[in-house]
Amino acid sequence: MSATTTLARDLAKAVGADGVVAPESHLLTDMTLLPGSADAVVLPDTAEAVARAVAWCYAHDVPITPRGGGTGVAGGAVASGGVVVGLGRLARVRSFDPLLWRMSVEAGVTTAGVQRTARESGLFFAPDPGAAELSQIGGNIATNAAGPHAFKYGATGTWVSGLEAVLAPGELVTVGGPIRKDVAGYDLKSLLVGSEGTLGIVTAAWLKLLPAPEVTLPVIAFHADTSSGCDAILRVLGHGVRAAAIEYLDDEALASGAASYAPGVPAGAGFMVIAEADGAPDEAERVRGELIEALSVGAIGVHTPRDREGLEALWRWRAGLAFAVRARRGSALSEDIVVPLDRLAEAVDETVAIGRRHDLIALSFGHAGDGNLHSTFLISPESDDELRRAQRASEELFALALSLGGSVSGEHGLGLVKRGQLGRQWGPRAVELHAAIKASFDPKNLLNPGKKLAF
């Protein structure tokens, strides 16, 4: 009997015969499409089964790669041998208390599933990373995913009050819970949020909810160039406008999506700002007016749809932008650097310049209110040379972010793609503490090994 057969047999005892499946390629990678490998894939249907699988792997020195919906773009779910633990079957809403604005869900519940459940009771869950029908709450927590409305409402971690997780060597542990304040101990919950499965495997979470805004009113402004558009964004903040979201598209990003933007892009537009006002009717109207005032200065055109169909169409279009960008050349290498907001224009322009130096079309779009750029280099999927040039361009991009006082990642995490980049961002002592935390949680280095490394 082969070692792989023995492994699968023993895992079947831990999670059930139907919980062990063949390691097919789609279960071994993520949106990066980096090739992965594994000796087995397990799909537990309870948190206890996850704990049994991790306990077996830890006892036998087998690496463990946790996997959610596979929508990550940093290679965090790409396996390199060992066992993949898929969490999609942990898909139960354990409790929902609409009068208390809270919900307890398992890790495999999708982002859209949480949003729909909340919305049916007049509540909302603001984190909105892409691919909401596929992305899972456990993965969102693992990367501390964000999205457009994180500007006002915060990233996923802001909405988590408690976690259930499997920690080495296979123990089910709960930190926090259905409470909104807790300073009794070290903030282990926040350590697990954003840890990309390297400290433990999240199996369930307590989520905070809020009453849904009564009204949402978008304001779309078109400017001639990056300088004018970024000045408008700075005016929004400088005037103290509490927008729910502030997004931007540079010239090439706008060109990628212009054909599918139903209201039409005015001639001469080279920069697009999408902002949103929300709240009670009077408040939303006030913020909308302030946004129009701030964004209109120097604008080529301003569009302010009021109907729900127009609002939903706008955000569908924005959600599909990444696909429109990739379609330009068939593929793309896209990163998620962050810079101080007053350096946004420099980062946008320098992204294009970096691409030019590597003979690549470069563009950016993203969450302007957070200074979070999705700087992107367009490549042909058939060209290894273009991929190598894009990878070299990304190295320059990370150096740019740090030179501007920013970060190499705002919401995607480090995964495999940005392995080692944290060591360029942090000083030696911070890197030592980072490594010490990993060693404390995972002394055998079996939980998602090779990811989130600082060196």
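Of LEU402, LEU397, which residue is of a type in the set (A, V, I, L, M, F, W, C) and either buried (at least 20 other Cβ atoms within 10 Å of the Cβ) or out of contact with any helix residue (DSSP H, G or I) (no Cβ under 9 Å at 6 or more places or on another chain) (or both)?
On inspection, the qualifying residue turns out to be LEU397.
For the range 38-57, indicate whether the set of residues that are modelled with pLDDT of 95 or more and at positive phi is non-empty.
No, the range 38-57 contains no residue that is modelled with pLDDT of 95 or more and at positive phi.
Residue pairs, Cβ under 9 Å, 6 or more apart or interchain, first in the range 407-427 and on the phi < 0 side of the Ramachandran plot, second basic (Lys, Arg) and open to solvent by less than 30 Å² (accessible area, probe 1.4 Å). List them.
VAL408/LYS418; SER409/LYS418; HIS412/LYS418; LEU414/LYS451; LEU416/LYS451; ARG419/LYS451
Can you tell me which residue is surrounded by the most Cβ atoms within 10 Å (Cβ to Cβ) among those in the range 363-394 that are assigned to a loop (DSSP other than H, G, I, E, B) and in contact (Cβ under 8 Å) with a residue 24 or more places away in the chain?
Among those that are assigned to a loop (DSSP other than H, G, I, E, B) and in contact (Cβ under 8 Å) with a residue 24 or more places away in the chain, it is GLY371.
Name the residue, out of VAL417, VAL431, that is within 22 Å of SER334 (Cβ to Cβ) and either open to solvent by less than 40 Å² (accessible area, probe 1.4 Å) or assigned to a loop (DSSP other than H, G, I, E, B) (or both).
So the residue among VAL417, VAL431 that is within 22 Å of SER334 (Cβ to Cβ) and either open to solvent by less than 40 Å² (accessible area, probe 1.4 Å) or assigned to a loop (DSSP other than H, G, I, E, B) (or both) is VAL417.
Taking interchain pairs and intrachain pairs at least six residues apart, which have beta carbon atoms under 6 angstrom, with the first residue in the range 322-349 and under 22 Å from ARG424 (Cβ atoms) and in contact (Cβ under 8 Å) with a residue 24 or more places away in the chain and the second open to solvent by 50 Å² or more (accessible area, probe 1.4 Å) and not aromatic (Phe, Trp, Tyr)?
Close Cβ pairs satisfying both conditions: PRO340/GLY405.
Looking at (1) touching a residue at least 40 places away in the same chain (Cβ under 8 Å); (2) open to solvent by 40 Å² or more (accessible area, probe 1.4 Å); (3) within 25 Å of the chain's Cα centre (by Cα), can you tell me which one VAL84 breaks?
For VAL84, the failing item is (2).
Test ALA294 against the criterion of being open to solvent by less than 70 Å² (accessible area, probe 1.4 Å) and touching a His at 6+ places or on another chain (Cβ under 7 Å), and give yes or no.
So ALA294 fits the description; yes.
Could you tell me which numbered condition GLY355 fails, if it satisfies all but one of (1) small (Gly, Ala, Ser); (2) open to solvent by 10 Å² or more (accessible area, probe 1.4 Å); (3) farther than 26 Å from PRO213 by Cβ; (4) out of contact with any Ser or Thr (no Cβ under 6 Å at 6 or more places or on another chain)?
(2)
Evaluate the range 190-199: report whether one residue or more is among the β-branched types (Val, Ile, Thr) and farther than 17 Å from GLY413 by Cβ.
Checked against the condition, which is being among the β-branched types (Val, Ile, Thr) and farther than 17 Å from GLY413 by Cβ, the range 190-199 yields no hits at all.
The values are calculated or read from the model by the stated rules, or taken from the named source; none is laboratory data. Source: prediction; values computed, not measured. Backbone-built Cβ (ideal geometry, glycine too); neighbour counts: all protein chains shown. In case anyone asks, the SASA skips ligands and DNA or RNA and just uses the protein heavy atoms, side chains included. Shrake-Rupley method; radii C 1.70, N 1.55, O 1.52, S 1.80 Å.
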